[in-house]
Amino acid sequence: MKQLILVFIGGGFGSALRFLISKQFTFDSFHFPWATFIVNLIGSFIIGTVFGYILVKHKFSDDLFVFLVAGFCGGFTTFSAFANESISLLKAGQTNLFFSYIISSITVGLFCVWLGYMLSNRLF
């Protein structure tokens, strides 16, 4: 029950922060969806850092892990918004933006996980 509450609280913080970031950028079917892109990259970096720390230190509080990964990152990042924005770009005939959004989200997202992992290995 404790971990469920931690996921709930972390998810609330993550969702609220995502909402605030999305208010800084407007999305329409003719522009790159920066808010979701940035949020997903930050979340990828956080997850990479957490997992890198766990692998180096071989210990991490289960409660903190659940709060950060399942809670905060789960509420903060959003695959459904990424998918919806991708389809919106495609339906609007923005094929170049559609492909650049998908390719950059995947490649830069993977890079951010790797970067977080590598930095946590060097720092800890």
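Some values worked out for this structure:
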{"read-out": "Matching entry among 38, 5 (being over 27 Å from residue 119 (Cα atoms) and either surrounded by 20 or more Cβ atoms within 10 Å (Cβ to Cβ) or among the aliphatic types (A, V, I, L, M) (or both))", "value": "5"}
{"read-out": "Given (1) surrounded by 19 or more Cβ atoms within 10 Å (Cβ to Cβ); (2) touching a residue at least 24 places away in the same chain (Cβ under 8 Å), number of the condition residue 69 does not satisfy", "value": "(2)"}
{"read-out": "Residue 87 vs. criteria aliphatic (A, V, I, L, M), surrounded by 13 or more Cβ atoms within 10 Å (Cβ to Cβ) and either modelled with pLDDT under 95 or assigned to a helix (DSSP H, G or I) (or both)", "value": "no"}
{"read-out": "Only one of 12, 52 that is in a helix (DSSP H, G or I) and either among the aliphatic types (A, V, I, L, M) or crowded, with 18+ Cβ neighbours inside 10 Å (or both)", "value": "52"}
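The values are calculated or read from the model by the stated rules, or taken from the named source; none is laboratory data. Since this is a predicted model, take the numbers as computed values, not measurements. Glycine gets a Cβ as well: all are built from the backbone with ideal geometry, and neighbour counts include every protein chain shown.
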